[in-house]
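Trainee: Have a look at this one before I ask anything.
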Amino acid sequence: MLALSVHRRVLLRSLSCAVVAWCAQPARAADDDEPVLQAEAPPVIVEAEGIDATPVPGETRVELKGRSARMLDVLDAVPGVRVMRAGGQGGAAQLSIRGLHGRRVATYLGPVRLDDPATGILDLSELPAAALSHATLAKGTSSSTEGALGGVLQLRPAYPVQPVLSAGVQLGSWRSLQADVSAGAPTTWRKASLGMTAHARMSTTSGSFAYTPVAGPVDAPVLLPERVRLNNDRHRFGVTLLAAGEWAGGPSATGVLDVVTLEGGVPGYGLAPLTASRESQTRVLAGTDVDVPLGTEVVLRGQWSGRASAWRFQDVRAARQVAGALLTRSLSQRLELVVAPVAGLQVSAGSSAQLDVADSRGDAGWYDAWRPMSGVHGDVRAHAWDGRLRTRAVVVAQVYTSTTGDTWKQPRVPDLVLLPELSAELEPLPNLVMHGAVGRAWRIPSLEELHRPADAPLAGNADLRPEDGVEVQGGMRLLMGPLMGSFTAYGARMSNLIAYVNVNAFDVRPYNVADVWRAGGDVNLVLQLGDWGALDGGADVNLSHVTATNAPLPAVPPFEMHLGALLGPPAARLFTDVVGRAPSRGNLHGELPIRGAMRLDVGAVVHPVPWLEVRATVRNVTDDKALTDWWGVPQPGREFGLSVRWDGAQVE
Amino acid sequence: MVRAHPWWMMAVLASCTPLPQDTEPPAPPLLPRTLVAYEKMALFLEAPGQARLRGFTGAAPEGGVVEVREGNTTLAQVTADAAGRFDVRFGAEKDREVELHARVGTEDATPLRFKVRDFSEAASSMVRERLSGTGSTPNQVLFARDASPTGRTTGLVVLSGDGALDNVDADEGGRVSPLVPLPEMAFGGAVVPATPWAADALGENAWVTRYAHAGITTVNVPGGTILGEGNITTPQALGEILTLDPPVDVDGDGVEDQQVTALVPRNPTGIAVVGSRAFVAMANVLSTSASGRAQFGPGMLAVFELDGRGIPTGATRVINLAFRNPQHVIPLDNGTVAVSSTGSLQRVNGTWQVDSDGGVEIFDVSSLQKLQEINLGRFAPSRPLLLADGKSLYVPSILRARLARLDVENGQLIRGPGNPVELAEGELLRTVFECVLHPTALVFCGLFDTDSIVVVDSADDTVRPWPFTSDIRVNTGDSAVRLGIQSLAMRPGRNGVDRAGNDILVLLSLATRVSALDTRFVLGP
């Protein structure tokens, strides 16, 4: 029988341990300090069997509890991946894969998509880092997920497979404070097994730091005198519940519920300080995966998720209490039947549906908008040559439409698309894997892009067409003793690029403005030093050409590199990271500069006892206040951080 | 064996290959100083087998005779009118060389060889789409009004987003002197960038308005230093009760005001320096359309007294204007300044309109008395342009591609909202922020929405006079994304005589780029 439910087996193993006692685990600190990235290494999924448990060709597993202790820094060190920050510690952050970001990158927490369907906003800093196990990263176009032109980041929750009792606190520059506490355990009752873990977290930062802005054109940039970034504070509180359950020999399910509330400033730039505002937001997301065995070779899978976000904006300058409010909701479901008729072959087919709703109220008008979408999909995975050749073929047919409260009787003509994807991995030698893929994806315009009111500063455009991308990629990875290396190259074309451009001298709206050619690749090397740590390094190239302007895509550095080292015995280690980025352009016409930069971070992690971890970090050691990131957003100079984490499960 | 590369790789490599550099056309030669102005003439093929020679205002002395010869054969002859204009056609093919002989009375001008050229080729040679990049949110490009017509000339660029005054070499591109950042200022616990809006320049000095600070700054351009600044902090009585709906916190005390009788002038926009005074338009924006409804206080003209170095002394006077949202101040020739106001600009149901009258007001720079007030209704006037006669103004509209013509000497509306000079057909929203006057009396107006420049002969209000029958496309690369003509600046002096090179700078605000026109490629031999 093929094992189609990974979670179930993990849970059972843990439960058998948990009922005896709090299992005496080997010291996990050393595990946590293994190299940040097992680049391109196949995911290791405990006790998983069969095709379903094997990695999708080209996927990368990213361990999120690496030396930097901060999930964002771990992701930032992955070649081809970049975390775009809107400030210092505790500030908002966005994910970029191969130069694409926003709704062009799909980010999931378990079954729930994280980026808001109406606004495209995703703040990685809101995520419950302590509740995450690891991440699965698929760089490049993925037909299986709407909008995944740049890639898919799947954050895997640490479902309750063992007792958890931990707490951490972190202090840092800009009066940043982060604290979290986690508790939970699995239990069994007759045939039922159930586990639940609760995580609570808070963070706060003044967000106020000095920086040196860059002015002038790209060919003659000038560093301006130091300025102070104001109205950049962030105050968050979040709770996450993770649950997993199983009826012995029957269905199994996992679930996640995450609630975040935040309050903070929305800093402006240039002319925008005049309209600087503050925002309050509450976001709730929930999702569940259910597996129901229908026989020895057949499983029915269901996935349901929902999310809701409520924003309230206050105009600081005009002392208005409420300048605008936005409520977005999204519900989605996915059902599929998975069949393994013969050894080495797995076929699944199913359907999906999603409904996104947004209601906006503001001084500049209001709108109610709906965007239903649905699709059917088929997925065939096959293994041959003793599993040394792994292939996958996916085809998705998707349709969507949208409408507003004013025009609900006349919804836009539905758009229909067929999205195929082929991928394969070949292992000609025991330590050599070659992989390749070709696929197509599209990004449906967000509700704000489609229907934002005509009198709003950035009005919508109901005539927008989806962005459409095709991509070819290939690469290899090699393991030679302690040295692991990987290489990937890609070429892609995106048509109907959606960009906000002036429709006249006063109004800016989104339009399908251009096609984009993209090409690049990445390399990565990791050298394991046994118990004494590891060295790793990587670089990526991302070239692009926007046909409408003959300029590269804005805010995409053509070259980025990363070097890292983790050295010392498991009980006390030093680490350092160097991140470098080439200059890039800050606008669609390629005229505004985003400075190239090199940043050096150093730190130490000490485990005086197995259940206690103390970390000290210095980020941006050279105190370069001219670092910029997200569209040239200023970054702070040198930042200090000190964190203490207590893991009660490690106490003997 | 030849291997076929994947199509995508070839395409990507092709897209990464640098585009061939524009081949610079050979620069026309400097023209002789004669009693005729060859740089004000245009000779092009008008139709197959037919050439046309046109002299614009000032091309020849009144009654001057211009003769077109080929060898000893006279192909055409024409006599200039009182304005020095003439127009003659003759049979000729493209690239045929002819000689122009001009005489006034018994005096002969130095003859000059002209070639019969194709206008579209010449016009494309005239445009240099990218002279230089600029910084964030550029709002104005200008030359010092008294800049030397010879030597290296610097165009100033006001960068609202960067909060700086930058500059560009008018011929070579690139920065001539240091960029000048304008410092932030604390307001009610917040630090606010300067947001420079507009500037005026004389000699080495430039005066920049700081939209977000309610003040001006004096800058030494060659040194890249700030000499001083002036701010207005005293409330000005409005002379009326201003009712605000919805209420706005006008005085910054955290309480929303429903009625206002005085306010501290704010949002300086246009500026003109005349003698020892800087005249600054204060837009007094109290709320914007983004917050539901744009509300403006009465427009005001602030007068800053300047010392011998051009630095504000601290003494100011404020004059209430008749119209709302003043945006521009320009000096006139007779010791006066003209202030233009758009009226209250609103966005209603997705369309822009003004819901109060706009117009132009003329003030005496010494007595500060208002001399003229010309109401342009809902015309939404932008930056006025003083024409060659020294008493007429063209006033473009920011909502339609059209010009009004005013006689400021007599306070008369020559061509107003009822019969404007139409630059484009239709009622689409088309914005003309600025026009510049060429020594030929031709006026070059930038259309923000089409990335093109329309030429108007101010001598008779002819739109697109021959050979400028097609608009001049600044977007030579055919970018599908609008470049946005925001501002134009005319370089002092006669191009091709006093100097050679670019004579019109074009600020493309969306592309954050400065383009240039060298009219020698069209006007002259």
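Trainee: Looking only at the range B:205-221, which residues are touching a residue at least 40 places away in the same chain (Cβ under 8 Å) and under 18 Å from B:Gly308 (Cα atoms)?
Mentor: The answer is B:Asn205, B:Ala206, B:Trp207, B:Val208, B:Ile216, B:Thr218, B:Val219, B:Val221.
Trainee: Still on this model: State which residue is nearest to B:Pro138 (Cα to Cα) when the search covers only the range A:259-279 and only residues that are more than 10 Å from every other protein chain (Cβ to nearest Cβ), modelled with pLDDT under 95 and open to solvent by 40 Å² or more (accessible area, probe 1.4 Å).
Mentor: Among them, the one singled out is A:Val266.
Trainee: Additional query: Identify all residues within the range B:49-70 that are open to solvent by less than 60 Å² (accessible area, probe 1.4 Å) and out of contact with any strand residue (DSSP E or B) (no Cβ under 7 Å at 6 or more places or on another chain); write none if there are none. Let's see the steps before the verdict.
Mentor: Applying the first criterion (open to solvent by less than 60 Å² (accessible area, probe 1.4 Å)) to the range B:49-70 yields B:49, B:51-61, B:63-68.
Within the range B:49-70, B:Thr57, B:Gly58 qualify.
Trainee: Restricting attention to strands (runs of 3 or more DSSP E) lying wholly within the range B:144-191, give those where 3 or more residues are at the interface with another protein chain (Cβ under 10 Å from one of its Cβ atoms).
Mentor: Numbers: elements: B:154-159, B:164-169, B:185-187.
Per the criteria, B:164-169.
Trainee: So which residues in the range B:371-382 are hydrophobic (A, V, I, L, M, F, W, C) and open to solvent by less than 70 Å² (accessible area, probe 1.4 Å)?
Mentor: Just the residues of the range B:371-382 that are hydrophobic (A, V, I, L, M, F, W, C), to begin with: B:371, B:374, B:376, B:379-380.
The answer is B:Ile374, B:Leu376, B:Phe379, B:Ala380.
Trainee: Find the residue count for the range A:452-475, including only residues that are over 24 Å from the mean Cα position of the chain (by Cα) and more than 9 Å from chain B (Cβ to nearest Cβ). Show your work before the answer.
Mentor: Going residue by residue through the range A:452-475, those that are over 24 Å from the mean Cα position of the chain (by Cα) are A:452-465.
Still in the running and more than 9 Å from chain B (Cβ to nearest Cβ): A:452, A:458, A:460-465.
Residues flagged as over 24 Å from the mean Cα position of the chain (by Cα) and more than 9 Å from chain B (Cβ to nearest Cβ) within the range A:452-475 amount to 8.
Trainee: In the range A:575-606, which residue that is farther than 15 Å from A:Pro221 by Cα and open to solvent by less than 20 Å² (accessible area, probe 1.4 Å) is nearest to the other protein chains (Cβ to nearest Cβ)?
Mentor: The extreme case among them is A:His589.
Trainee: Is there a residue being over 30 Å from A:Ser309 (Cβ atoms), away from every other protein chain (no Cβ under 13 Å) and either open to solvent by less than 40 Å² (accessible area, probe 1.4 Å) or not basic (Lys, Arg) (or both) anywhere in the range A:487-494?
Mentor: Here is the first cut: in the range A:487-494, the ones over 30 Å from A:Ser309 (Cβ atoms) are A:487-493.
In the following step, the residues that additionally are away from every other protein chain (no Cβ under 13 Å) were identified as A:487-488.
Applying the additional criterion that residues be either open to solvent by less than 40 Å² (accessible area, probe 1.4 Å) or not basic (Lys, Arg) (or both) yields A:487-488.
Looking for residues that are over 30 Å from A:Ser309 (Cβ atoms), away from every other protein chain (no Cβ under 13 Å) and either open to solvent by less than 40 Å² (accessible area, probe 1.4 Å) or not basic (Lys, Arg) (or both), one finds at least one in the range A:487-494, hence yes.
Trainee: Suppose the filter is in contact with a Leu (Cβ under 6 Å, 6 or more places away or on another chain), within 14 Å of chain A (Cβ to nearest Cβ) and open to solvent by 10 Å² or more (accessible area, probe 1.4 Å); does B:Arg513 pass it? Reasoning before the result, please.
Mentor: On the way: in contact with a Leu (Cβ under 6 Å, 6 or more places away or on another chain): no; within 14 Å of chain A (Cβ to nearest Cβ): yes; open to solvent by 10 Å² or more (accessible area, probe 1.4 Å): yes.
So B:Arg513 does not fit the description; no.
Trainee: All but one of (1) open to solvent by 10 Å² or more (accessible area, probe 1.4 Å); (2) over 30 Å from B:Asp118 (Cβ atoms); (3) at pLDDT 95 or above hold for B:Gln412, so report the exception by its number.
Mentor: Of the numbered conditions (1) open to solvent by 10 Å² or more (accessible area, probe 1.4 Å); (2) over 30 Å from B:Asp118 (Cβ atoms); (3) at pLDDT 95 or above, the odd one out for B:Gln412 is (3).
Trainee: Can you pull out every residue in the range B:340-370 that is surrounded by 18 or more Cβ atoms within 10 Å (Cβ to Cβ) and in a strand (DSSP E or B)?
Mentor: B:Ser340, B:Ser341, B:Leu345, B:Gln346, B:Arg347, B:Trp352, B:Val354, B:Gly359, B:Val360, B:Glu361, B:Ile362, B:Phe363
Residue-wise test of (1) under 24 Å from the mean Cα position of the chain (by Cα); (2) more than 14 Å from chain B (Cβ to nearest Cβ); (3) part of a strand (DSSP E or B).
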| site | (1), (2), (3) |
| --- | --- |
| A:Ala130 | yes, yes, no |
| A:Ala138 | yes, yes, yes |
| A:Thr141 | yes, no, no |
| A:Leu155 | yes, yes, yes |
| A:Pro160 | yes, yes, no |
| A:Val181 | yes, yes, yes |
| A:Thr188 | no, yes, yes |
| A:Val239 | yes, yes, yes |
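Trainee: So, in the range B:127-143, of the ones that are at pLDDT 95 or above, open to solvent by less than 30 Å² (accessible area, probe 1.4 Å) and within 17 Å of B:Ala194 (Cβ to Cβ), which residue ends up farthest from the other protein chains (Cβ to nearest Cβ)?
Mentor: Step by step, filter the range B:127-143, then rank; the result is B:Gln140.
Trainee: If you don't mind, another one. Filter the strands (runs of 3 or more DSSP E) completely within the range B:396-510 down to those with at least 2 residues that are among the basic types (Lys, Arg). Spell out the reasoning first.
Mentor: Numbers: elements: B:402-407, B:412-415, B:435-437, B:442-447, B:452-457, B:485-490, B:504-508.
Answer list for the range B:396-510: B:402-407.
Trainee: Still on this model: Would a scan of the range B:85-100 turn up a residue that is open to solvent by 50 Å² or more (accessible area, probe 1.4 Å), assigned to a strand (DSSP E or B) and over 30 Å from B:Pro149 (Cβ atoms)?
Mentor: Yes, the range B:85-100 contains a residue that is open to solvent by 50 Å² or more (accessible area, probe 1.4 Å), assigned to a strand (DSSP E or B) and over 30 Å from B:Pro149 (Cβ atoms).
Trainee: Run A:Thr187 past the list (1) crowded, with 20+ Cβ neighbours inside 10 Å; (2) among the polar types (S, T, N, Q); (3) at pLDDT 90 or above and report the number of the one that doesn't hold.
Mentor: Failing condition for A:Thr187: (1).
Trainee: Among the residues of the range B:278-334, write down those that are open to solvent by 30 Å² or more (accessible area, probe 1.4 Å), in a loop (DSSP other than H, G, I, E, B), of a type outside the set (Asp, Glu) and more than 14 Å from every other protein chain (Cβ to nearest Cβ).
Mentor: Those that are open to solvent by 30 Å² or more (accessible area, probe 1.4 Å), in a loop (DSSP other than H, G, I, E, B), of a type outside the set (Asp, Glu) and more than 14 Å from every other protein chain (Cβ to nearest Cβ): B:Gly308, B:Arg309, B:Asn334.
Trainee: What's the total number of residues in the range A:524-552 that are under 21 Å from the mean Cα position of the chain (by Cα) and either surrounded by 19 or more Cβ atoms within 10 Å (Cβ to Cβ) or under 16 Å from B:Ser479 (Cα atoms) (or both)? Give the derivation first.
Mentor: Of the range A:524-552, the ones under 21 Å from the mean Cα position of the chain (by Cα) are A:524, A:538-542.
From what is left, the residues that are either surrounded by 19 or more Cβ atoms within 10 Å (Cβ to Cβ) or under 16 Å from B:Ser479 (Cα atoms) (or both) are A:524, A:538, A:540-542.
Total meeting the criteria: 5.
Trainee: I would also like to ask the following. Among the residues of the range A:199-237, write down those that are within 7 Å of chain B (Cβ to nearest Cβ) and among the small types (Gly, Ala, Ser).
Mentor: Step one: list which residues in the range A:199-237 are within 7 Å of chain B (Cβ to nearest Cβ), which gives A:215-220, A:222, A:224-225, A:227-228, A:230.
Once the filter is applied, which keeps residues that are within 7 Å of chain B (Cβ to nearest Cβ) and among the small types (Gly, Ala, Ser), the range A:199-237 yields A:Ala215, A:Gly216, A:Ala220.
The values are calculated or read from the model by the stated rules, or taken from the named source; none is laboratory data. Quick caveat: nothing in here was measured; it's all calculated off a predicted structure. Cβ sites come from the backbone with ideal geometry, for glycine too, and all protein chains shown count toward neighbours. To get the accessible areas, we keep the full protein, side chains included, count just its heavy atoms, and leave off ligands, DNA and RNA. Shrake-Rupley method; radii C 1.70, N 1.55, O 1.52, S 1.80 Å.
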